[in-house]
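The values are calculated or read from the model by the stated rules, or taken from the named source; none is laboratory data. Keep in mind it's a predicted model, so treat the numbers as computed, not measured. Note: ideal-geometry Cβ built from the backbone for every residue, glycine included; neighbour counts use all protein chains shown.
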Amino acid sequence: MKNLLKTGKKPNVAIFLSGSGTNAENLLKTLQDYNNSWTPKIIVTDNPNSSRAFDISSKFGLETVVLDIKEFYKARGETRVSLKSEKGRFIRDEWTNILRELIKPFDIDFGLLAGFVPLSNITTDFPCLNVHPGDLTVEKDSKRILVGLHTIPIEIAILNGYSSMRSSVIIAQNYTGKGGEMDTGPILGVSQQVPIDLEGFDLKILQKIYESRPNFRPKGGFNDILENIAKNNQETLKINGDWEVFPAAVAHFANNNYAMNDDNTLLFKNNEKWEKVKTIEFANNKDSKIIK
């Protein structure tokens, strides 16, 4: 058995964000509700001009670490931030190495990916917990199906006729440029079920919209009815899913209540006893239920 958090002290935490930072703000607001089980040290952002990183850092008395990824790629002759080319992946690794040096002085024990867009192998330096808008316990042919970026997991749930959705908290994995790897890590927790709202549209119509899409997602998204419905559901899931499961799973992680068994299955400390689990469902008022 090996513990997932490798420290015997109250852990220092870096929070990574790219946009509105609502998940980051909720984590910091609810920290006291979970006995201040971890110490927030820094806010990290790749998007200083459009994110709320400085606002949140100022509000909670934290330092801000900034490395603008768009400007980084632009300075190296790339007009788009991408991992599709060999050069793009090389630039991403270069960017990650500089980010490592900026973070190093803060003695970080683990990170929280609270709406952080760039894939980064900073995940090799310390565990990085990510909240994901999909139920990663759902599998087909032993593979997780509600995976992907943006609204993709919610769209998959809608197109498969699911009536509800969940948020998941995982330990993000390294990327290789092939895609999909980041969502394969241990599932530390899932939220309670949150109903899906199709906003009065028939499922068959939404499926036809999906089938008529171009092969590649345009910059800025498809901007069709399906994507707009998925965005609205994602916002609902954030409030009723992310904001329940993320703070609870992070607190348990900080308290060293997770480990991996020798057969690579997840263990959870329940009433001072280790149990083999698939994940934990966290709901209102910090209630939890083991899922095996």
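Structure data summary
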read-out: Residues located in the stretch 158-188, provided they are of a type in the set (A, V, I, L, M, F, W, C) and at pLDDT below 95; value: 172, 182
read-out: Residue, surrounded by the most Cβ atoms within 10 Å (Cβ to Cβ), within the stretch 138-183, restricted to residues that are more than 15 Å from the chain's Cα centre (by Cα) and of a type in the set (Val, Ile, Thr); value: 158
read-out: Contacts under 6 angstrom Cβ, first residue in the stretch 263-292 being more than 17 Å from residue 5 (Cα to Cα) and polar (S, T, N, Q), partner at pLDDT 95 or above and loosely packed, with under 11 Cβ neighbours inside 10 Å, 6 or more apart; value: none
read-out: Test result for residue 214, out of contact with any His (no Cβ under 8 Å at 6 or more places or on another chain) and either in the same structural domain as residue 112 (by TED's automatic domain parsing) or at pLDDT below 95 (or both); value: yes
read-out: Residue within the stretch 8-30 that is out of contact with any helix residue (DSSP H, G or I) (no Cβ under 8 Å at 6 or more places or on another chain), hydroxyl-bearing (Ser, Thr, Tyr), within 19 Å of residue 254 (Cα to Cα) and outside any helix (DSSP H, G or I) present; value: no
read-out: Boolean, residue 51 is in contact with a Ser or Thr (Cβ under 6 Å, 6 or more places away or on another chain), buried (at least 22 other Cβ atoms within 10 Å of the Cβ) and of a type outside the set (D, E, K, R); value: yes
read-out: Counted residues, the stretch 231-256 - those being free of Cβ contacts under 8 Å to residues at least 24 places away in the same chain and of a type outside the set (Val, Ile, Thr); value: 1
read-out: Where a residue in the stretch 88-99 is closer than 14 Å to residue 71 by Cα and its partner, wherever it lies, is among the basic types (Lys, Arg), with Cβ under 6 Å and at least six apart; value: 91/76
read-out: The stretch 207-230 - residue that is in contact (Cβ under 8 Å) with a residue 60 or more places away in the chain and within 17 Å of residue 161 (Cα to Cα) and, of those, surrounded by the most Cβ atoms within 10 Å (Cβ to Cβ); value: 230
read-out: Strands (runs of 3 or more DSSP E) completely within the stretch 179-292 that count 1 or more residues being among the small types (Gly, Ala, Ser); value: 187-191, 258-260, 288-291
read-out: Output for the stretch 1-18, where each listed residue is modelled with pLDDT of 95 or more and either among the basic types (Lys, Arg) or within 20 Å of residue 243 (Cα to Cα) (or both); value: 10, 13, 14, 15, 16, 17, 18
read-out: Residues within the stretch 63-87 that are within 21 Å of the chain's Cα centre (by Cα) and under 21 Å from residue 15 (Cα atoms), tallied; value: 7
read-out: Some residue of the stretch 247-254 being within 23 Å of residue 15 (Cβ to Cβ) and surrounded by fewer than 16 Cβ atoms within 10 Å (Cβ to Cβ); value: no
read-out: Scan of the stretch 13-35 for residues that are surrounded by fewer than 18 Cβ atoms within 10 Å (Cβ to Cβ) and under 19 Å from residue 114 (Cα atoms), ordered by number; value: 19, 20, 29, 30, 32, 33, 34
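This table checks each residue for (1) over 22 Å from residue 70 (Cα atoms); (2) not assigned by TED's automatic domain parsing to the domain that holds residue 37.
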{"site": "108", "(1), (2)": "yes, no"}
{"site": "116", "(1), (2)": "no, no"}
{"site": "120", "(1), (2)": "no, no"}
{"site": "138", "(1), (2)": "yes, yes"}
{"site": "148", "(1), (2)": "no, yes"}
{"site": "157", "(1), (2)": "yes, yes"}
{"site": "161", "(1), (2)": "yes, yes"}
{"site": "164", "(1), (2)": "yes, yes"}
{"site": "185", "(1), (2)": "yes, yes"}
